[in-house]
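The values are calculated or read from the model by the stated rules, or taken from the named source; none is laboratory data. Because the structure is predicted, anything quoted here is derived from the model rather than measured. Using ideal geometry, Cβ is built from the backbone for each residue, glycine included, and neighbour counts are taken over all protein chains shown. Areas reflect the complete protein model, heavy atoms only, side chains present, ligands, DNA and RNA absent. Shrake-Rupley method; radii C 1.70, N 1.55, O 1.52, S 1.80 Å.
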Amino acid sequence: MEEFKKDYKKLIDESLSTNNKTQLIKKCEEFTNEVIKKDILPEDIVEIHKNYISSLDIAEHEALNTLDVLQEVVKGFGYSYRDYQKLVNKLQYHDKEIDLASRLQQTMLKTDIPQFDSIQIGVISVAAQKVSGDYFNLIDHNDGTMSFAVADVIGKGIPAALAMSMIKFGMDSYGHSQLPSEGLKRLNRVVEKNVNQNMFVTMFYGLYEEMNHL
């Protein structure tokens, strides 16, 4: 703090002796950048300025000239705060979008749990973030058989969630085939055409037969 006071007083002294206002303003801007990094408040600067000016034997018009230094330094805090506020607003807007995406994903991936006398079925999926690439699905074929799938897209967040939504719609379209191998072949073609090369999907797809307990 003492080093900061010393540097600020030098700026005030320079404002009383220099005619090069451009250079002085540049030094004030550089000083402000350092001050912001050290978490010094504008109120602290105003107090230091007031105390130092009171200790100097200068005329009123000279004291008013030193306010140029105070104005430039404090103005830098104004820019910093506005930039910070813009960032906060963007983050809040982003959070709202993510919340909406999370609710949409929960709705899209919601599935009915088939009921069988021979087994009890329970599922739970908790996203690492608000949206995820985790997926499960259960399809009751209403003839004593059930297709079931568990899948995971590499990565997290919105890209993985978008890819998983594609898998969801693909399985809704092709999953009613009672041969998991056929369903997987079709889903694989969809993935190859629509997923980036740096992404891949790990998926297990099976068929349960109540009659044989297999």
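When only the heavy atoms of the protein chains count and the probe is 1.4 Å, how do 116, 136 rank by accessible area, highest first?
Details: 116 25, 136 50 Å².
If we order 116, 136 from most to least accessible, we get 136, 116.
Using the beta-carbon distance between residue 200 and residue 98 and R0 = 25 Å, what value does 1/(1 + (r/R0)^6) give for FRET efficiency, to the nearest 0.05? Walk me through the numbers on the way to the answer.
On the way: r = 24 Å, r/R0 = 0.96.
Computed FRET efficiency for residue 200 and residue 98 comes out at 0.55.
At 7 Å along Cα-to-Cβ for each site, give me the label-to-label distance between residue 56 and residue 21 in nm.
About 1.6 nm, to one decimal.
Got a number for the accessible area of residue 99? Probe 1.4 Å, square angstrom, nearest 10.
My reading of the accessible area for residue 99 is about 60 Å².
Which of the lysines could a cross-linker span from residue 185 if the Cα-Cα distance has to be under 21 Å and same-chain partners fewer than 8 positions apart are dropped?
Of all the lysines, those that pass the test against residue 185 - Cα under 21 Å, at least 8 places apart if same chain - are 168, 193.
Setting aside same-chain residues fewer than 8 positions from residue 37, which lysines have a Cα under 20 Å from its Cα?
Cross-link targets: 5, 6, 9, 10, 26, 27, 75, 86.
For residue 103, what accessible surface area do you get with a 1.4 Å probe? Give it in Å², rounded to 10.
140 Å²
What distance in nm lies between label points placed 7 Å from Cα along the C-beta direction at residue 37 and residue 193?
Inter-label distance under the simple model: 5.5 nm.
Please state the shape class of the chain: rounded when a/c is under 1.5, otherwise prolate if a/b exceeds b/c and oblate if not, all from the C-alpha gyration tensor. Provide the component values of the computation, followed by the final result.
On the way: a/c = 5.95, a/b = 4.30, b/c = 1.38.
Here the chain falls in the prolate category.
Run the reach check for residue 90 against lysines, Cα to Cα strictly under 22 Å, same-chain hits fewer than 8 apart removed. What comes back?
130, 156
Provide the FRET efficiency to the nearest 0.05 for the residue 7-residue 86 pair, computing r from the beta carbons and using R0 = 30 Å.
Numbers: r = 29 Å, r/R0 = 0.97.
Between residue 7 and residue 86 the formula returns 0.55.
Set the Förster distance to 25 Å, then compute FRET efficiency between residue 211 and residue 124 from the Cβ-Cβ distance, nearest 0.05. Spell out each step's value before the answer.
Details: r = 28 Å, r/R0 = 1.11.
Calculated value: 0.35.
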